[in-house]
Each structure stands twice: as structure tokens, then as C-alpha cells.
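What follows is a single structure, written as C-alpha cells, with notes after it.
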Amino acid sequence: MIVGIHQPNYFPGISYFCKILYSDIFIFLDSVQFSKGNWTNRNRIKAAQGELLLTVPIFTTGKSSQMISETLIVNRTDWRQKHLKSIYQNYYKTTYFKETFPLMEEIFNINWENLSEMNVHIIKRLCTFLGIERHFLHSSEIERGDLRSTDLLIHLITQAGGDTYISGAGGKKYMEMDKFAENHLEVRFLTYTGLAYPQQYKDFLPNLSIIDLLFNEGPTAVRILKESAQVE
């Protein structure tokens, strides 16, 4: 069984869903510290002027060491309608607007308080929309002790019943490969090459939220996912 592991990001990019696509089991790494400036509470879409950043407001004061699973959303302002409006304004002329925008409305109609729970819901819902069926787990539901880095990955993989770990290419820089071999685990690396697809507004912009791909390619976006990554 191939296991993929990643933090639950906000409307992740194409490479994130490539990892899910090539996994049998996908573990949301929600039991690690929330990292400010990461993609856990923000992502990018395409606007006429270029990239537009959508950011979910969260509580951070006095919470520098909070886990992703503990991170709460600030709902004092109607940020959900702001994000939905931005999506509408920038994608209402796309090919698959009629198929995709109701999905966005459904997602933003829910008043979430916990960031991780919202992100997991979004990712699972988008997988359903794309016809991707996988077994999902949360690292916070698996007893981890004080394990970190490679040891934590190996523990999560074995507890999930996996025998193969699928890592991003960047994992080569920090993972202790000998430990995987000692635990009889195979490691395969996913290289995201990206595949250009029709977009609005001038030149193609890579590495956007999957929102952009869905509005431009609709349910057929799985083809782009399959052709955008290689696993070795």
C-alpha cells in the first residue's frame, strides 16, 4: 500500500492532488506545528492583474506553538464571502464555471471554526468532484509519541499499514533514507513537472490553487493531474 503524507492545506495546488492520486492511503499531517507563511491558510488564484492571494484569517496571538489541528479561524469578518466573490469575479467566464461554481458556493456556505477540519473537508470534497477515491487518515488520530522527521513518517506509514512512501522530490534533502530500508519500506519520489492548460488572462501562471484548474478543465482535470507528475 502506497502512503502519501502532507499538511492539510487551503485549496491546495495541483501537485498536492497529484500526490493523493498516486497514493492508496493519504494521511493529513495535522499533528505538527502550524507554520506561519505556509500554505495551510492561504493559496493563489489567477486574476487579470496576475496572482491573487486568498488568505483565511486565523488566531495567532499567544499561539506560536499551536498544532495545525488546534488552529482556529477568525470569523469576525465575512472572509468566506470575500473569497467566494473573488472567485466569481475572476472565473465567471471560464469554460466550466456552471459546473464548478456551485461547488464553491457549497464549500463557502459552511461556517467553519477549525482550520484543519475545513481544509480536510475541502480536499475530500474536491477529490469527490474529481472522482478520486482514497482512504484518508489524520496523523492526530495516530499515537505518535515524541517522534519527529523521518521517524514520524515511518511510524505513520507503518501504523497505516503501508509498505511504500510517496514523497515529493524535496524529501531527498532531509529524509534519512537508511531508516526506511531498516524498516523494510520502499520510498518513491514524485516529481511535479506541471502541464500547461488553458487559462484566462494572458500568459500561463503555474503553481496556483487547484481552483484555477477546476474552472478551466472541470471534472476532466484528472487528466492534467496524471500528466503533471512522474513517480520514480
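The values are calculated or read from the model by the stated rules, or taken from the named source; none is laboratory data. This one's a predicted model, so the numbers in the text were calculated from it and none came from an experiment. Note that we place each Cβ from the backbone using ideal geometry, even for glycine, and neighbour counts take in every protein chain shown.
The table that follows gives values for the structure above.
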{"item": "Output for region 101-128, where each listed residue is aliphatic (A, V, I, L, M) and either within 14 Å of Ser69 (Cβ to Cβ) or in contact with a strand residue (DSSP E or B) (Cβ under 6 Å, 6 or more places away or on another chain) (or both)", "result": "Leu115, Met118, Val120"}
{"item": "Residue, nearest to Asn109 (Cα to Cα), within region 56-88, restricted to residues that are polar (S, T, N, Q) and free of Cβ contacts under 8 Å to residues at least 24 places away in the same chain", "result": "Thr77"}
{"item": "Sole residue being modelled with pLDDT of 95 or more, touching a helix residue (DSSP H, G or I) at 6+ places or on another chain (Cβ under 9 Å) and not charged (D, E, K, R), chosen from Thr100, Thr128", "result": "Thr100"}
{"item": "Selection count, region 15-41, where residues are under 30 Å from Gly131 (Cα atoms) and surrounded by fewer than 17 Cβ atoms within 10 Å (Cβ to Cβ)", "result": "3"}
{"item": "Residue list for region 206-232, filter: part of a loop (DSSP other than H, G, I, E, B) and not small (Gly, Ala, Ser)", "result": "Pro206, Asn207, Leu208, Glu232"}
{"item": "Yes/no for Leu195 being more than 11 Å from Ile45 (Cβ to Cβ) and either surrounded by fewer than 19 Cβ atoms within 10 Å (Cβ to Cβ) or of a type outside the set (S, T, N, Q) (or both)", "result": "yes"}
{"item": "Hey, Glu186 more than 19 Å from the chain's Cα centre (by Cα), at pLDDT below 95 and of a type in the set (D, E, K, R) or not", "result": "no"}
{"item": "Selected residue (criterion: nearest to Ile87 (Cα to Cα)) from residues of region 160-186 that are crowded, with 17+ Cβ neighbours inside 10 Å and aliphatic (A, V, I, L, M)", "result": "Ile166"}
